[in-house]
Amino acid sequence: MNLTIQQVSKKYKNKVALRDINVQFTSGIIGLLGPNGAGKSTLMRIIATLDQPSSGQIRWNGTDIAKKPKKLREELGFLPQDFGVYPGLNAIEFLEYMASIKGVPMKIARKRINELIVALNLTENCKYPIGGYSGGMKQRVGIAQALLNDPKLLIVDEPTVGLDPEERIRFRQLLSTLAHDRLIILSTHIVSDIESIATQIALLHQGQLLAYMQPEKLIQNIEGKVWKCIVTSDQFNRIQKQYLVSQAVYRSEGMEIRVISDQPPCSEAKKVAATLEDVYLYYTTLEK
Ligand SMILES: Nc1ncnc2c1ncn2[C@@H]1O[C@H](COP(=O)(O)OP(=O)(O)OP(=O)(O)O)[C@@H](O)[C@H]1O
């Protein structure tokens with residue numbers, strides 16, 4: 001599997017949503033991480049052939065997807081951000097409906113739906129209307145429809161929005177089990193959604209790809225730049241103006257702060273191990 005993105009840019013009137021993106025995805029889970037407005041949905045929609053880039057090219061296993069979109073679509077599963085289910089249908093009816101839209105023959109679809117209902121733990125409720133499902137159950141139905149054609153490329157756009165912490169954990173586990181022999185691209189602005197499951201992280205900010213590497217490598221990049229110290233309110237006010245403060249907690253001894261900086265923010269500051277949260281802040285807050 002090989003998805004090659006070459007010099008892809010996207011402009012909406014005078015708004016630049018993507019700037020010259022160059023990257024190659026192979027297999028595993030790619031975490032597309034960036035704040036709101038970074039361009040994640042735009043990039044995913046272009047990869048899913050739902051939109052065209054203003055310039056640049058995308059190849060799926062060597063084929064230009066703009067010229068032959070069907071090649072990619074046949075192997076694509078897509079769970080968009082604003083995925084709507086039909087509340088009056090039950091899970092089986094909904095999946096049969098989606099299978100017919102996707103052109104999956106009904107005999108094959110029925111077998112596949114039965115497998116997906118079991119695999120996605122929907123058996124107990126599959127005959128009840130989807131309108132009464134929890135957020136996590138609806139997302140599992142969303143993933144089921146994306147998996148109807150057993151896709152090699154699975155794209156999920158901000159899938160954990162609206163899920164409670166337990167549902168988030170279960171959803172992450174589900175994606176990990178699906179990653180075998182597939183390329184999964186998952187977008188999020190929540191670091192914890194991907195830090196434990198992403199094979200590679202693509203950091204997107206203001207339409208630019210700032211970094212693309214393994215989570216551990218990203219963390220190594222800012223190792224030695226994260227500091228912790230306890231300061232007074234006055235010191236805190238001064239430090240906050242000058243440095244990137246990633247955390248501040250009131251303690252009985254003063255304010256405990258975590259700072260990302262090349263230099264120690266105060267003489268008592270001690271170096272601490274960097275986290276992916278620190279990396280995210282470092283890349284998306286500092287002017288590059
Ligand atoms: N159809 C459109 N017309 C004009 N501008 C758009 C359109 N779609 C997206 N944009 C703009 O392009 C930029 C990137 O948007 P995009 O939705 O791709 O970001 P995102 O990272 O997915 O953020 P979010 O999580 O908020 O959806 C934003 O500034 C957005 O306002």
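Test of understanding: given the chain, find the longest segment containing no GluC sites (Glu not before Pro) that are in a DSSP loop and have at most 10 other Cβ atoms within 10 Å. Don't skip to the answer; put the middle values down first.
Values: sites that count: Glu253, Glu287.
That gives 1-252 as the longest site-free run.
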Query raised in the report: Can you give me the Cα centroid spacing of segment 29-95 and segment 126-167 in angstrom?
Result: 15
Report task. Would you mind calculating the gained length between Ser134 and Met1 on full extension (0.36 nm times residue separation, minus the Cα-Cα distance), in nm to one decimal? Result -> 44.5 nm
Query raised in the report: Taking the simple approach of a point 7 Å from Cα along Cα-to-Cβ for both Gln173 and Lys11, what is their distance in nm?
Result: 4.9
Query raised in the report: Rg (Å, one decimal) plus Dmax (Å, integer) for the alpha carbons of segment 1-104?
Result: 15.5, 44
Requested in this report: Could you pull the Cα extents of segment 87-150 along its three principal axes, largest to smallest, in whole Å?
Outcome: 29, 22, 17
Query raised in the report: With point charges of +1 on the Cβ of Lys and Arg and -1 on the Cβ of Asp and Glu, referenced to the Cα centre of segment 224-272, which listed residue (Gly254, Val226, Ala269) lies farthest in the positive direction of the dipole?
Result: Val226
Query raised in the report: Can you give the FRET efficiency for Lys102 and Asp20, using 1/(1 + (r/R0)^6), R0 = 51 Å, r = Cβ-Cβ distance, to the nearest 0.05?
Result: 0.95
Report summary line: So Glu256 and Asp51, fully extended at 0.36 nm per residue minus their Cα-Cα distance, gain in nm 69.1 nm
Report task. Report the residues of segment 242-286 in range of a label on Glu223: point 7 Å along Cα→C-beta, backbone N strictly under 15 Å from it. Result -> 271-276, 279
Query raised in the report: In the neighborhood of Pro69, defined by Cβ-to-Cβ distances under 13 Å, what is the net charge if each Lys or Arg adds +1 and each Asp or Glu adds -1?
Result: +3
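Sorted by mean Cβ packing within 10 Å, highest first, what order do the peptides 65-71, 172-178 take?
Numbers: 65-71: 14.4, 172-178: 16.3.
Result, highest mean first: 172-178, 65-71.
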Report task. Pull out the extension gain between Thr123 and Gln240, defined as 0.36 nm times the separation in residues minus the alpha carbon to alpha carbon distance; nm, one decimal. Result -> 36.9 nm
Report task. Let me know the volume per residue of the alpha-carbon convex hull for the chain, in Å³. Result -> 152
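For the chain, what is the mean residue ellipticity at 222 nm derived from helices alone (per DSSP H run of n ≥ 4: -39500 (n - 2.57); sum divided by total residues; nearest 500 deg cm²/dmol)?
Numbers: 10 runs with 96 residues, N = 288.
Calculated from helices alone, the mean residue ellipticity at 222 nm is -9500 deg cm²/dmol.
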Query raised in the report: Residues with beta-carbon under 13 Å from that of Ile155, excluding Ile155: net charge, scoring Lys, Arg +1 and Asp, Glu -1?
Result: +1
Report summary line: Shape descriptors of segment 201-254 over alpha-carbon atoms, Rg and Dmax in angstrom, are 15.4, 43
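I want the antiparallel fraction of DSSP beta bridges within the chain, as a percent rounded to 5. Don't skip to the end; give the middle numbers.
Numbers: 35 of 54 bridges.
Taking every DSSP beta bridge within the chain, about 65 percent pair in antiparallel fashion.
Using the Cα gyration tensor of segment 224-272, with a ≥ b ≥ c the square roots of its eigenvalues, what is the shape: rounded (a/c below 1.5), prolate (a/b larger than b/c) or oblate (neither)? Don't skip to the end; give the middle numbers.
On the way: a/c = 1.73, a/b = 1.36, b/c = 1.27.
It comes out prolate by the Cα gyration axes.
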Report summary line: Other residues with Cβ under 11 Å from the Cβ of Ser55 give, with Lys and Arg +1 and Asp and Glu -1, a net charge of +2
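Bear in mind these aren't lab numbers, they're just calculated from the coordinates by the rules spelled out. Everything numeric here is computed off the predicted structure, so don't read it as measured data. Reconstructed Cβ throughout: ideal geometry from the backbone, glycine too, with neighbour counts over all protein chains shown.
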